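What follows is a set of notes on a single structure, which appears directly below.
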There are 2 protein chains.
Amino acid sequence: MRKKITLKQIARELDVSISTVSKALKNSKEISADTIQKVQAFAKLYNYRPNNIALSLKNRKTNTIGIIIPEIVHHFFSKVIRGVELVANQRGYNVIIGLSNESFSKEVINMEMLANGSIDGFILSMSKETLLQQDYHHYNETMNQGMPIVMFDRVVSEIKCDKVIVDDFNGAKNAVQKLISNKCEHIALITTRDYVSVGRLRTQGYLEALEDNNITPQAELILKMDDTLDYEVHLEKLEGEIEQLFKAHKEIDGVFAVNELYALSAMKVARRMGLNVPNDIQVIGFTDGVLSKHSTPSLTTVSQHAQLMGERAADLLIDKIEAEFEIEEEQFQTVVINTELVERESTK
Amino acid sequence: MRKKITLKQIARELDVSISTVSKALKNSKEISADTIQKVQAFAKLYNYRPNNIALSLKNRKTNTIGIIIPEIVHHFFSKVIRGVELVANQRGYNVIIGLSNESFSKEVINMEMLANGSIDGFILSMSKETLLQQDYHHYNETMNQGMPIVMFDRVVSEIKCDKVIVDDFNGAKNAVQKLISNKCEHIALITTRDYVSVGRLRTQGYLEALEDNNITPQAELILKMDDTLDYEVHLEKLEGEIEQLFKAHKEIDGVFAVNELYALSAMKVARRMGLNVPNDIQVIGFTDGVLSKHSTPSLTTVSQHAQLMGERAADLLIDKIEAEFEIEEEQFQTVVINTELVERESTK
DNA sequence: TTTTAACACGCAAACGTTTTCGTGACTTTC
DNA sequence: GAAAGTCACGAAAACGTTTGCGTGTTAAAA
């Protein structure tokens with residue numbers, strides 16, 4: 001087992017100083033051609049590579065970015081990571097991940113763990129618990145220490161930093177408009193409680209699309225699910241409530257759901273009730289994941305371009321990290337990613 | 001903006017030496033109670049935290065593990081990551097990810113990038129390209145430098161290291177046995193080409209289950225897909241071939257597919273041909289992902305316990321990292337994770 | 001022959017820690 | 001009152017780099 005070789009060892013072997021070795025490897029013109037040749041040959045032979053940790057310490061720069069998300073077994077978040085990793089790698093950075101598991105304290109702990117020198121900046125999406133507690137001190141403290149943060153998807157206006165968000169409002173509005181254009185007259189909305197900004201905006205989009213078409217929104221057609229429940233329980237309850245809704249309102253001919261799973265559940269319930277999708281009832285979901293693509297019928301959805309979000313977030317962050325000349329007037333950007341309606345079989 | 005404070009700064013403020021500060025923070029009994037109190041109060045006030053990079057350099061230990069996988073937008077791999085992250089965090093480690101994107105060269109580059117001091121060990125699953133090229137030099141070189149590696153799922157016997165694998169053979173065998181017990185007499189197999197060990201083992205399990213029940217395997221009932229194609233093209237081709245298979249062999253009453261998507265495609269084709277699942281034809285897939293759970297009918301699958309694999313891999317790796325006393329006789333373990341047949345609606 | 005300049009290299013500091021060892025100032029002991 | 005011991009702290013090395021600057025040697029210029 002041949003351990004990694006260091007400058008010091010090369011220097012000793014070749015009977016020169018450490019600095020000479022370092023300079024020779026960089027083709028410094030302070031060093032004679034002979035020595036350069038000798039050192040480089042030796043270094044190549046022993047496969048010398050500078051130690052990243054030592055470089056990080058010296059340069060006060062790790063070339064690593066931290067990403068903190070609520071959950072990784074999730075199509076949307078994993079696509080974002082892929083985007084982040086893509087541009088990070090292209091620009092010479094590594095990516096280190098932390099999972100908050102939707103918990104406030106895990107989010108704080110993870111951030112503190114990484115903020116002590118391990119990374120140059122954060123990309124993160126808030127946990128539901130943080131959103132509920134509205135305690136943002138850890139973000140501000142981190143930024144006060146000069147560590148840049150880029151937030152994506154689940155953001156909040158109280159925090160001043162760069163952001164990448166989806167145009168939830170227009171995405172929802174367009175989806176509902178599509179249903180209306182497809183002759184739906186009684187469109188139900190299946191959404192979550194409002195504390196996540198994302199859910200609120202999508203609801204607003206739904207409402208405005210209706211109003212634009214002179215349709216009076218009916219509160220009874222709006223189903224708000226509590227998504228803090230256990231997953232399995234949640235799902236059962238969801239289907240039950242959808243079924244009630246459909247039974248109480250036979251006139252429903254369109255459904256807009258704020259996520260994939262809700263849309264799928266709606267389709268499942270519809271089928272169970274003998275309704276045909278899309279002939280009797282048309283369905284559109286949000287988030288373009290595997291489920292939408294492979295369900296039967298496949299689901300028309302609002303695509304969020306998750307990977308693109310990750311890419312933009314990474315670019316934003318790295319730009320800020322590399323903007324050495326501390327602009328005193330901190331300027332924060334919010335990048336809005338446009339959604340796209342992917343039409344499949346669940347609409348006409 | 002208050003930058004992170006260092007020992008040196010505390011020392012200067014309090015007019016003591018750096019070593020005194022360091023010791024005071026550790027409650028060393030070399031330091032007087034007075035000084036300890038003073039230093040700790042000051043440190044708390046300024047929220048002092050030791051710099052991880054400096055510690056890593058000093059200790060020659062980063063408390064970070066690297067994980068390299070072919071793809072992250074994938075239920076199986078993201079579940080593995082979740083498992084790794086879970087135990088890594090519990091044991092005080094961070095996780096840094098690298099995506100090979102199924103490419104040999106990206107795998108090599110990623111490994112080299114991380115192997116230069118950034119991490120203490122690797123957890124990885126080989127890319128398809130590496131599997132095809134059978135070039136394993138980068139693994140061996142990394143291990144020669146004293147960096148431990150744990151491989152999972154896609155492994156190869158030529159590489160001597162710790163491994164965590166799924167019992168693909170018995171998983172497949174049990175699945176097929178289940179179909180046979182459910183009175184299936186003509187069971188088709190939809191699989192990939194053999195270069196991935198995983199595919200080969202599942203095929204063997206299928207064959208042995210048939211033989212155990214005195215059923216002669218028929219080559220015409222085995223469909224081997226080339227999965228190196230572009231995803232969309234692949235899918236279309238897949239459905240076409242399954243349809244041909246079903247039409248040519250109307251007697252097929254059971255299907256075992258080596259992954260979720262193949263199983264779903266089989267169900268889709270069956271439905272299109274007017275066949276009822278599970279009454280006319282029963283289907284079992286491999287890999288317990290979201291698709292299986294939420295398809296209609298929901299899919300009976302062989303669950304791989306991906307998260308558990310990640311947890312075991314992380315434990316294995318950290319155990320090795322922390323086993324200081326270099327056992328000369330390197331002993332490598334292979335942990336086999338048992339599969340579990342999750343019965344849903346696609347079987348009787 | 002003396003001065004100057006170029007060359008090729010080494011020294012040392014710095015990044016932020018931890019830890020071993022040395023050392024003054026007191027206190028105790030006989 | 002001298003020897004020994006205790007206490008509380010500082011100096012310095014080490015981890016592996018990079019880099020500004022100083023310096024000895026040789027060659028060119030005066």
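Only residues that are over 26 Å from residue B:141 (Cβ atoms) and touching a Lys or Arg at 6+ places or on another chain (Cβ under 9 Å): list them for the range A:1-22, please. Hit for the range A:1-22 is A:16, nothing else.
Only a single item in (1) in contact with a Lys or Arg (Cβ under 6 Å, 6 or more places away or on another chain); (2) surrounded by fewer than 20 Cβ atoms within 10 Å (Cβ to Cβ) is not met by residue B:209, and it is number (2). In summary, residue B:71 fulfils each of the numbered conditions (1) touching a strand residue (DSSP E or B) at 6+ places or on another chain (Cβ under 8 Å); (2) buried (at least 20 other Cβ atoms within 10 Å of the Cβ) with the single exception of condition (2).
Residue by residue, here is whether (1) surrounded by fewer than 18 Cβ atoms within 10 Å (Cβ to Cβ); (2) of a type outside the set (Ser, Thr, Tyr); (3) in the same structural domain as residue B:314 (by TED's automatic domain parsing) holds:
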residue	(1), (2), (3)
B:12	yes, yes, no
B:21	no, yes, no
B:33	yes, yes, no
B:56	no, no, no
B:80	no, yes, yes
B:84	no, yes, yes
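Only one entry of B:135, B:153 meets the criterion of being away from chain A (no Cβ under 14 Å), over 10 Å from residue B:68 (Cβ atoms) and more than 16 Å from the chain's Cα centre (by Cα), and that entry is B:135. For residue A:137, the criteria (1) surrounded by 23 or more Cβ atoms within 10 Å (Cβ to Cβ); (2) free of Cβ contacts under 8 Å to residues at least 40 places away in the same chain hold in every case but one, which is (1).
When the range B:57-74 is filtered for residues that are in contact with an Asp or Glu (Cβ under 8 Å, 6 or more places away or on another chain), more than 16 Å from DNA strand C (Cβ to nearest atom) and facing another protein chain (nearest Cβ under 10 Å), the ones remaining, listed by number, are B:64, B:71, B:72. Mind checking whether some residue in the range A:282-294 is more than 25 Å from residue B:74 (Cα to Cα) and more than 9 Å from chain B (Cβ to nearest Cβ)? Within the range A:282-294 (the criterion being more than 25 Å from residue B:74 (Cα to Cα) and more than 9 Å from chain B (Cβ to nearest Cβ)), the answer is yes, since at least one residue qualifies.
Here residue A:95 qualifies as closer than 21 Å to residue B:112 by Cα and either more than 11 Å from DNA strand C (Cβ to nearest atom) or touching a Lys or Arg at 6+ places or on another chain (Cβ under 7 Å) (or both).
Out of B:14, B:7, one residue alone is in contact with a Phe, Trp or Tyr (Cβ under 9 Å, 6 or more places away or on another chain), within 9 Å of DNA strand C (Cβ to nearest atom) and more than 10 Å from chain A (Cβ to nearest Cβ). It is B:7. Residues in the range A:261-279 that are over 16 Å from residue A:347 (Cβ atoms) and surrounded by fewer than 16 Cβ atoms within 10 Å (Cβ to Cβ): A:272, A:273, A:274. Checked against (1) within 14 Å of chain B (Cβ to nearest Cβ); (2) surrounded by fewer than 16 Cβ atoms within 10 Å (Cβ to Cβ); (3) not β-branched (Val, Ile, Thr), residue A:322 passes all but a single condition, namely (1).
Can you tell me which residues in the range A:99-109 are surrounded by fewer than 24 Cβ atoms within 10 Å (Cβ to Cβ) and either β-branched (Val, Ile, Thr) or farther than 16 Å from residue A:133 by Cα (or both)? Matches in the range A:99-109: A:108, A:109. Counting only helices (runs of 4 or more DSSP H) that sit wholly inside the range B:5-75, those with at least 2 residues that are among the hydrophobic types (A, V, I, L, M, F, W, C), within 10 Å of DNA strand D (Cβ to nearest atom) and free of Cβ contacts under 8 Å to residues at least 12 places away in the same chain are B:52-59.
Residue under question is residue A:321, and the condition is that it be under 18 Å from residue A:205 (Cβ atoms) and either in contact (Cβ under 8 Å) with a residue 60 or more places away in the chain or not hydrophobic (A, V, I, L, M, F, W, C) (or both); does it hold? The answer is no for residue A:321.
The values are calculated or read from the model by the stated rules, or taken from the named source; none is laboratory data. Note that the structure is a prediction, hence the values are computed from the model and not measured. Methodologically, a virtual Cβ is constructed for each residue, glycine included, from the backbone with ideal geometry; neighbour enumeration extends over all protein chains shown.
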